[in-house]
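Participant: Before I ask anything, here is the structure I am working with.
The values are calculated or read from the model by the stated rules, or taken from the named source; none is laboratory data. Just so it is clear, the structure is predicted and the values come from calculations on it, not from any experiment. FYI the Cβ positions are ideal-geometry reconstructions off the backbone, even for glycines, and counts take in every protein chain you see. For accessibility, only protein heavy atoms count, side chains too; no ligands or nucleic acids. Shrake-Rupley method; radii C 1.70, N 1.55, O 1.52, S 1.80 Å.
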Amino acid sequence: MFTWKRYITVFIITLVLFLEAFYLSGKLANKKIDQIREIQEKISLDILSTETRYALLGASSCDHIVANQDFEEELNGELNDLARRVKFMESQVSLTNPDLIQVKEQYNLFQIKDYLLREELNKRCGEKIISILYFHEADCKDCKKESVVLDELAYNFPEVRIYWLDKDLKTPAMETLVSIFNIKSAPALIMNDKRYDGFQELDTLIGLLPKDLKKRYEESQKSETTTDDELNTN
């Protein structure tokens, strides 16, 4: 009789712990969903804001576009911030989550529009913007490594505009872009009107940049090395 009471007590305790864990799990899941929706709303607002700024930029004179480098780097920073938010969403929810898919479609369409506008401004104003189209997909062996490399590139070269394009999205705009550049697999990069298939090292990408950017980067690296050596000596 004592044994049955003990079993029942253990069962009740286990059931209570299970219900508490289930409740907390549900509460955390709902909190995560709310957080994702907040990020989604923030991304939507940022995209609308940046699109409006680009509409104004498209109507500006070439003198204003070429001279305003700070404004250009600020816009490039906004694109990189949006990319980080989208990648965070991907790490928090299933890739089949409807909210995530909607955000990714919206974000990728915005990037394509941005790329087309930049190309138009380049032709109209003769201002060469350094752009990299980066095609990635979910079932991609080297995409995570390539993303890390491109994050490093964006950090060291704020002038370079990187477009994070999800090849998995079956939208007319994305399928057209994939067809134009004949993208067969990921990762794939389009840089200087040339396609680079497979994983690319940071040094390889830096080697494709203009000489003035590479020179500035090399000088900054030497300066950091000298400072580190001085600190170690002291």
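Participant: Looking at Val149, Val178, which is the one that is crowded, with 16+ Cβ neighbours inside 10 Å, part of a helix (DSSP H, G or I), touching a strand residue (DSSP E or B) at 6+ places or on another chain (Cβ under 8 Å) and of a type outside the set (Gly, Ala, Ser)?
Facilitator: None of the other options fit; the residue is Val178.
Participant: Something else now. Any residue in the range 160-174 that is farther than 16 Å from Lys104 by Cβ and not in a strand (DSSP E or B)?
Facilitator: Scanning the range 160-174, I find at least one residue that is farther than 16 Å from Lys104 by Cβ and not in a strand (DSSP E or B), so the answer is yes.
Participant: Sticking with this structure for a sec: Among the residues of the range 162-170, is any more than 23 Å from Ser49 (Cα to Cα) and touching a Lys or Arg at 6+ places or on another chain (Cβ under 8 Å)?
Facilitator: Scanning the range 162-170 turns up at least one residue that is more than 23 Å from Ser49 (Cα to Cα) and touching a Lys or Arg at 6+ places or on another chain (Cβ under 8 Å).
Participant: Are any residues in the range 182-221 touching a His at 6+ places or on another chain (Cβ under 9 Å) and in a loop (DSSP other than H, G, I, E, B), and if so, which ones?
Facilitator: Ala186, Pro187 - these are the residues of the range 182-221 that are touching a His at 6+ places or on another chain (Cβ under 9 Å) and in a loop (DSSP other than H, G, I, E, B).
Participant: Tell me, please, whether a residue that is closer than 19 Å to Gly198 by Cα, surrounded by fewer than 13 Cβ atoms within 10 Å (Cβ to Cβ) and not polar (S, T, N, Q) can be found in the range 117-136.
Facilitator: No, the range 117-136 contains no residue that is closer than 19 Å to Gly198 by Cα, surrounded by fewer than 13 Cβ atoms within 10 Å (Cβ to Cβ) and not polar (S, T, N, Q).
Participant: Within the range 186-203, can you find the residues that are free of Cβ contacts under 8 Å to residues at least 24 places away in the same chain and either touching a strand residue (DSSP E or B) at 6+ places or on another chain (Cβ under 8 Å) or open to solvent by less than 30 Å² (accessible area, probe 1.4 Å) (or both)?
Facilitator: Within the range 186-203, Arg195, Tyr196, Asp197 qualify.
Participant: In addition: Output the residues belonging to the range 158-170 that are over 12 Å from Asn80 (Cα atoms) and open to solvent by less than 20 Å² (accessible area, probe 1.4 Å).
Facilitator: Hits for the range 158-170 are Leu165, Asp166, Leu169.
Participant: I would also like to ask the following. Take the residues of the range 62-106 that are β-branched (Val, Ile, Thr), assigned to a helix (DSSP H, G or I) and modelled with pLDDT under 75: which is surrounded by the fewest Cβ atoms within 10 Å (Cβ to Cβ)?
Facilitator: Val66
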